[in-house]
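Novice: Input: one structure, supplied below.
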Ligand SMILES: [Zn+2]
């Protein structure tokens, strides 16, 4: 019997409707009233023979007693309260269990049930707080660092799937991705009406993977999304029960898609040759495999340490200077908050990731050396544009390894002392004295859900940028 509480409620309902006390009904069916009470409270399971006897005494069928719906609205509330108080969640609070007997007024019962519902709702929401998201994200980045951003099992699986599709070299075509899906029993279907929050939907029953229509036919995005949907199946993912698991699954499907589009064997061959020629360039890797610059840069970080003997760093930074995504195993000190999280933190203004925004020619990579307290790094940055903003993609290595890269002969060299605030965060004395206390501004809300507000005089607004803005416009006003 899965639902003793409802069964007990139904027995009580029919007993009181028949005008019998516990002892009176107990006498007629041959059990003590106290035993019957335990059954009505869902604490003891009655045998079917007893239930049949109770039914015939009360003039109802066995089916009436075993019906799983609460007999009355009041009973429904009593059942809900009983269940809520039996949950491990409630037990953890160490509070007494109250019995919703007949003496409990309706409004008290409604109030208690309402509070339990609200408590559960809060608990459920807490699972997806930005704090938890940030913690999980940081834990995952640090874990991937210990693995040099390399997942051999997924590499192997992707290589095998690519091989079976008949793909040999170069860019994986849309048709080949379709064939891969077919081998796994799926048809790729492009639709205009996907649910807003879904990137893809897989119909397991009918073997169909629904994807959004191609904005750029054959583009990297669509092939990647189809591969990600396939990956969920291949990797045996279940519905995630925590944010950390959700993140891990997302990392795995992204990894799988990248490892199909840039298979290990072919990629390592390509990059090893480039290294031998002292001509490694993410832009070449990107073009050889027909993917985005960001995908190529990230894929480079998967293979660099395990296969090319290089430690690296990767940054995706917005035009506001905030980190969107970052990875390093080469000792570059990423900006982090007190929890160790880097998303939303501002990178040094002198780093390549920000310096590149100032360049007018953005069709090729920008190169620079950056001297930091942790050593000198060589970096290559490409600016990109999304629907809503501009961003930079950076791959860098320690100075000693710059010799393997195209762009090592750059004369661009910057010095960074961040996180020392005098490096590039704090307005200098004269500028600060000129404007302090003479301005009020309204901050934009940060679009990135994981972003905290950067610290400054005005939450969310960078002092230096603000003061410089004021300075330049004040000069206009005087003219
Ligand atoms: Zn700085």
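The values are calculated or read from the model by the stated rules, or taken from the named source; none is laboratory data. Since we're looking at a predicted model, the values are computed, not measured. Please note: Cβ atoms are built from the backbone with ideal geometry, for glycine as well, and neighbour counts cover all protein chains shown.
Novice: Any idea which of (1) within 16 Å of the ligand (Cβ to nearest atom); (2) part of a loop (DSSP other than H, G, I, E, B); (3) in contact with a strand residue (DSSP E or B) (Cβ under 8 Å, 6 or more places away or on another chain); (4) without any contact (Cβ under 8 Å) to a residue 40 or more places away in the chain is the one residue 354 doesn't satisfy?
Specialist: Result: residue 354 passes all but (2).
Novice: Mind checking which residues of region 2-32 are over 21 Å from residue 78 (Cα atoms) and not in a loop (DSSP other than H, G, I, E, B)?
Specialist: The answer is 23, 24, 25, 26, 27, 28, 29.
Novice: On to the next question. For residue 341, only one of the following conditions fails: (1) assigned to a loop (DSSP other than H, G, I, E, B); (2) more than 15 Å from the ligand (Cβ to nearest atom); (3) without any contact (Cβ under 8 Å) to a residue 40 or more places away in the chain. What is its number?
Specialist: All conditions are met except number (3).
Novice: What's the total number of residues in region 123-132 that are at pLDDT below 75 and part of a helix (DSSP H, G or I)?
Specialist: Narrowing region 123-132 to residues at pLDDT below 75: 123-130.
With the extra rule that they be part of a helix (DSSP H, G or I), the set shrinks to 123-126, 130.
Count: 5.
Novice: Then there's this: Taking the criterion of being within 16 Å of the ligand (Cβ to nearest atom), surrounded by fewer than 19 Cβ atoms within 10 Å (Cβ to Cβ) and closer than 17 Å to residue 400 by Cβ, would at least one residue in region 363-371 satisfy it?
Specialist: Checked region 363-371: at least one residue is within 16 Å of the ligand (Cβ to nearest atom), surrounded by fewer than 19 Cβ atoms within 10 Å (Cβ to Cβ) and closer than 17 Å to residue 400 by Cβ.
Novice: What are the residues in region 73-92 that are touching a helix residue (DSSP H, G or I) at 6+ places or on another chain (Cβ under 9 Å) and part of a loop (DSSP other than H, G, I, E, B), if any?
Specialist: Within region 73-92, 87 is the sole residue that qualifies.
Novice: In region 269-286, what residues are more than 29 Å from the chain's Cα centre (by Cα) and either part of a loop (DSSP other than H, G, I, E, B) or farther than 14 Å from residue 168 by Cβ (or both)?
Specialist: 271, 272, 273, 274, 275, 276, 277, 278, 279, 280, 281, 284
Novice: If you scan region 406-423, which residues turn out to be out of contact with any helix residue (DSSP H, G or I) (no Cβ under 7 Å at 6 or more places or on another chain) and within 13 Å of the ligand (Cβ to nearest atom)?
Specialist: Selection gives 415, 416, 417, 418, 419, 420, 421, 422, 423.
Novice: List the residue pairs whose Cβ atoms are under 8 Å apart, where the first residue sits in region 419-430 and is under 19 Å from residue 320 (Cα atoms), the second is more than 8 Å from the ligand (Cβ to nearest atom) and in a loop (DSSP other than H, G, I, E, B), and the two are 6 or more positions apart or on different chains.
Specialist: Qualifying pairs under 8 Å: 419/333; 419/335.
Novice: Ok, one more. Any residue in region 424-442 that is more than 16 Å from the ligand (Cβ to nearest atom), at pLDDT below 70, surrounded by fewer than 11 Cβ atoms within 10 Å (Cβ to Cβ) and within 38 Å of the chain's Cα centre (by Cα)?
Specialist: no
Novice: Can you tell me how many residues in region 384-405 are away from the ligand (no atom under 16 Å from the Cβ) and surrounded by 23 or more Cβ atoms within 10 Å (Cβ to Cβ)?
Specialist: Summing the residues that are away from the ligand (no atom under 16 Å from the Cβ) and surrounded by 23 or more Cβ atoms within 10 Å (Cβ to Cβ) in region 384-405 gives 4.
Novice: Is region 98-111 home to any residue that is more than 28 Å from residue 251 (Cα to Cα), surrounded by 12 or more Cβ atoms within 10 Å (Cβ to Cβ), under 25 Å from the mean Cα position of the chain (by Cα) and modelled with pLDDT under 85?
Specialist: No, that holds for no residue.
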